[in-house]
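**Q** This structure is in structure tokens; I'll ask about it shortly.
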Amino acid sequence: MFITLEGVDGAGKSSHLGWLETWFKARGRRVRMTREPGGTPVGEKLRELVLHEAMHAETEALIMFAARREHIEQVIRPALADGEVVISDRFTDASFAYQCGGRGLPEARLAELENWVHADLQPDITLLFDLAPEIAALRMATTRAPDRFEREKSDFHNRVRAAYLRRAEQFPGRIRVIDGSCELDQVRRQLATVLESLA
Ligand SMILES: Nc1ncnc2c1ncn2[C@@H]1O[C@H](COP(=O)(O)OP(=O)(O)OP(=O)(O)O)[C@@H](O)[C@H]1O
Ligand SMILES: [Mg+2]
């Protein structure tokens, strides 16, 4: 099973990684936790570049998919073939949300890259943490130095959120929207409901 976590910066994805891992392990599953951009040695170098160096929006999109190509080859496919549950903190929905919604690249361009890099692989389930970017920014304010994406204006983040929600409408079976505005234990309750529905 291939599970991805999506949402605007600070929506709460990483806060639930440990809980998700424990949920599956408690049910006897082996779990592979990973993230994008990154997840491999080459991918982590590309992550550093793309999060901190100014570049053209298409360069950014291409780097995301270059890192993804490596990630699929080295981590995702082998782990799935080995029967593991793969949980990735972000995947291709993030490219559509950030590079198309946020940066304005045409979706057809990204669809070509998606088709090139993983035509025959999609997440089984995507947990979309939905939260107003202003609230997410407040939550993040004290915790870390912002990267290139996190420094973008609120318009950018609102477009990213809207693009994610459009994806959810487009793929209602795969993408489950989680209300990220509530307290941690209520978010967990929503996650548990989705996971139990998969069994
Ligand atoms: N339900 C919640 N209620 C209050 N605060 C929360 C909640 N969920 C997460 N937080 C806090 O919000 C901040 C951002 O959460 P987190 O790092 O999980 O977001 P993220 O989606 O992984 O962000 P990024 O995309 O930047 O990695 C953290 O300080 C976290 O403790
Ligand atoms: Mg995170």
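Only the coordinates and a few stated rules stand behind these numbers; no lab work does. Treat the numbers as computed from the prediction; the structure is a model and nothing was measured. FYI the Cβ positions are ideal-geometry reconstructions off the backbone, even for glycines, and counts take in every protein chain you see.
**Q** Can you show me the helix-derived [θ] at 222 nm for the chain, built from DSSP H runs with n ≥ 4 at -39,500 (n - 2.57) apiece and divided by the number of residues, rounded to the nearest 500. The partial results should precede the final answer.
**A** Working: 9 runs with 97 residues, N = 199.
Taken over the chain, the calculation gives -14500 deg cm²/dmol.
**Q** Moving to a separate point now. Identify, among ILE63, LEU51, ALA79, the residue whose Cα sits farthest towards the positive end of the charge dipole of the stretch 32-79, taking +1 on the Cβ of Lys and Arg and -1 on the Cβ of Asp and Glu, with the dipole about the Cα centre.
**A** Toward the positive end, the furthest listed residue is ALA79.
**Q** Hey, another quick one. Quick query: amide H of PHE129 versus all other amide H atoms, modeled in the peptide plane; which residues come in under 5 Å with a sequence gap of 5 or more or a different chain?
**A** Correct list: GLU6, GLY7, ILE178.
**Q** Taking the mean number of other Cβ atoms within 10 Å as a proxy for protection, how do you rank 145-154, 105-114 from highest to lowest? All intermediate terms of the calculation are to be shown ahead of the outcome.
**A** On the way: 145-154: 12.9, 105-114: 14.9.
Ranking, from highest mean packing down: 105-114, 145-154.
**Q** Calculate, for THR193 and THR142, the FRET efficiency according to 1/(1 + (r/R0)^6) with r their C-beta to C-beta distance and R0 22 Å; round to the nearest 0.05. Spell out each step's value before the answer.
**A** Details: r = 31 Å, r/R0 = 1.39.
Plugging the Cβ-Cβ distance into 1/(1 + (r/R0)^6) gives 0.10.
**Q** Let me ask something else about it. Treating only the Cβ of Lys, Arg, Asp and Glu as charged (+1, +1, -1, -1), what charge dipole size does the chain show about its Cα centre? Round to the nearest 20 debye.
**A** 320 debye
**Q** Sticking with this one: Compute the Rg/Rh shape ratio of the chain: radius of gyration over Kirkwood radius, all on alpha-carbon atoms. Spell out each step's value before the answer.
**A** Working: Rg = 15.9 Å, Rh = 17.1 Å.
Ratio of gyration radius to Kirkwood radius: 0.93.
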